[in-house]
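Visitor: One structure, as structure tokens, below. Some questions next.
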Amino acid sequence: CTVGRYAPQAVNHICIACSSGSYTGQEIAAQTCTGCEGGSFSVFPGNVNCTLCPIGRYSGSRAEGCTNCSAGTYNPSQGKSYCESCLAGTYSGVGKGSCSSCL
């Protein structure tokens, strides 16, 4: 099979594209697709690997995209499956990688 496709059975050269939110993990001869782990995503069918969510965003498993952290939360690093709450006396806007001190 070509990149991003798998063959569940070695019969009749039938190859199936991995769905969005999953990947093959190898260039050729894949037999299954695996769901992207939390903190990563794949937008289009037929992916070999998943992409990490950027700072300020997160995702659950098998995601087709990442979600912005909501106001009052933040995500300081790539590839996270959750956002952290700002501490008392700090705040953040939507999709931020850190919190700021209240003035």
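The values are calculated or read from the model by the stated rules, or taken from the named source; none is laboratory data. What you see is a predicted model, and the numbers here were worked out from it, not measured in a lab. In this analysis, Cβ positions are derived from the backbone assuming ideal geometry, glycine residues included, and neighbour counts consider all displayed protein chains. Just the protein is used for accessible areas: all its heavy atoms, side chains included, with ligands, DNA and RNA removed. Shrake-Rupley method; radii C 1.70, N 1.55, O 1.52, S 1.80 Å.
Visitor: Would you pick out the residues in segment 1-60 that are over 15 Å from the mean Cα position of the chain (by Cα), of a type in the set (S, T, Y) and surrounded by 14 or more Cβ atoms within 10 Å (Cβ to Cβ)?
Guide: Y6, the sole residue that qualifies.
Visitor: List every residue pair whose Cβ atoms sit under 7 Å apart, with the two residues 6 or more apart in sequence or on different chains, where the first one lies in segment 13-37 and is modelled with pLDDT of 85 or more and the second, anywhere, is surrounded by fewer than 18 Cβ atoms within 10 Å (Cβ to Cβ) and among the charged types (D, E, K, R).
Guide: S20/E64; G21/E64
Visitor: OK, next. Looking at (1) in contact (Cβ under 8 Å) with a residue 24 or more places away in the chain; (2) open to solvent by 60 Å² or more (accessible area, probe 1.4 Å), which is the one condition that is false for A63?
Guide: All conditions pass for A63, except number (2).
Visitor: Which pairs do you get when a residue that is touching a residue at least 40 places away in the same chain (Cβ under 8 Å), found in segment 40-56, comes within reach of a residue that is among the acidic types (D, E), reach meaning Cβ atoms under 8 angstrom, with the pair 6+ apart or on two chains?
Guide: V48/E27
Visitor: What's the number of the condition C69 fails, among (1) in contact with a Phe, Trp or Tyr (Cβ under 6 Å, 6 or more places away or on another chain); (2) at pLDDT 85 or above?
Guide: So C69 meets the others, but not (1).
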